[in-house]
1. Taking K and R as +1 and D and E as -1, what net charge do the other residues with C-beta under 14 Å from the C-beta of ILE68 add up to?
2. Quick one: 3J(HN,Hα) in Hz for the range 27-36, Karplus 6.51/-1.76/1.60 with θ = phi - 60°, rounded, Gly and Pro as x.
3. Please report, in whole Å³, the volume per residue of the convex hull around the C-alpha atoms of the range 1-99.
Amino acid sequence: MSERRRYPRIPYAGLVFVSWKTLDGQRNHVLGRTFNISQGGIVVDLLTRIPVGSSVKVRAYGLNLDGIGTVKRVIWVTGGYVMGLELGEVIDASVLAEMSAAPTQLVSTSFDARAFLH
């Protein structure tokens, strides 16, 4: 199988705050955790389902990320939803390099988030 991703994924476990508006304009927000990151996207685990195509505000202070994204994929896993978010702006390469070098931030989970976005 050939790699279709534009950016390599880095396993990363950190907190993320996601907010969005529903079709009727109601504001929502939820705190979750990340599975992995790349320059152009992030995979997050949330308790709330956000529909594919939704525009979201994403804040992850450990990544120096405060931007807009689009929900590209959603799957149900026990206890919540795993979502692939495409970011409107790329994460700085120096932040990713720092995350790659910090083994304490690496994900330790039985869920294979890498397979999620294939």
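Values in this text are rule-based calculations from the coordinates and carry no lab data. Given the structure is predicted, the values throughout are model-derived calculations rather than measurements. Cβ coordinates were reconstructed from backbone atoms using ideal geometry, including for glycine residues, and neighbour counts include every protein chain displayed.
1. Summing Lys and Arg as +1 and Asp and Glu as -1 gives +1.
2. My calculation for the range 27-36 gives 7, 9, 8, 8, 9, x, 9, 8, 9, 8 Hz in order.
3. So the per-residue hull volume is 104 Å³.
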